[in-house]
Structure formats: C-alpha cells, structure tokens
Amino acid sequence: MTLQFGDITIPYERFVDDIATRVATIIKPSTPEYISQNEAFRRFGRRNVERWRRQGKIEPYVRPGKLEYLTAELQKLKATRQDYFK
C-alpha cells in the first residue's frame, strides 16, 4: 500500500514509521542539552571524560561555578570505538 501526497508517493509502512518516530520524540522526556562535569563523570566515566578532553575531542563550557559538556558530544564519543594505544 502506498500513499500519494501531491507529487510524492511513499510506502504506508514508511509513513507510519516516520509518524511513530516523531510522536516518540515529542512524548519522550528530553535529555538536557548540557550536563555538569560531575554528571558527565558519573554517566560516562571520569577517565573517559578526562581522556577525551586531553585528546581535544571535547571542550567544556565554562559557566559560573561549574564546567558543563554537551550531552550529544559525550554520547557520540561513547558510541565511537576508541583506540587506547595512541
């Protein structure tokens, strides 16, 4: 089954998947854009965060009284295969 929208025809399954994804992102509790350094240490491991910072892969954002990191950058680095011998 396909759906016709103006000049575009898309499969019904793709339409339903796209709608479900959109609804899930709206309903899902959002993760904060920035997390504190202590929270980054707790979630991703102190040694990992320190190593990524030393290697220049992440930079903290300085706020009055604390350092913060972009959550998306940390999650991306966590998902990336690391070479510990460099």
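The values are calculated or read from the model by the stated rules, or taken from the named source; none is laboratory data. These numbers were taken from a predicted model, which means no experiment stands behind them. Note: areas computed on protein heavy atoms with side chains; ligands, DNA, RNA excluded. Shrake-Rupley method; radii C 1.70, N 1.55, O 1.52, S 1.80 Å.
A cut-off of 5 Å between modelled amide H atoms, ignoring neighbours fewer than 5 places along the same chain, links Y34 with T71.
log10 I(q)/I(0), Debye, Cα-only the chain, no solvent, q = 0.14, 0.21, 0.24 Å⁻¹? With one equal scatterer per Cα and no solvent, log10 I(q)/I(0) is -0.65, -0.97, -1.15.
Solvent-accessible surface of the chain, taken per residue with a 1.4 Å probe and all protein chains present: 83 Å².
For the pair R63 and T31, the difference between a 0.36 nm per residue extended length and the Cα-Cα distance amounts to 9.6 nm. Taking the 1.4 Å solvent-accessible surface of segment 7-81 as the whole, the part contributed by carbon and sulfur is 52%. Of T31, T21, T71, which has the largest mean-square fluctuation in a 10 Å C-alpha GNM of the chain? Of the options given, T21 has the highest mean-square fluctuation. Comparing mean-square fluctuations of G45, G56, G65 from a GNM of the chain with C-alpha springs under 10 Å, the top value falls on G65.
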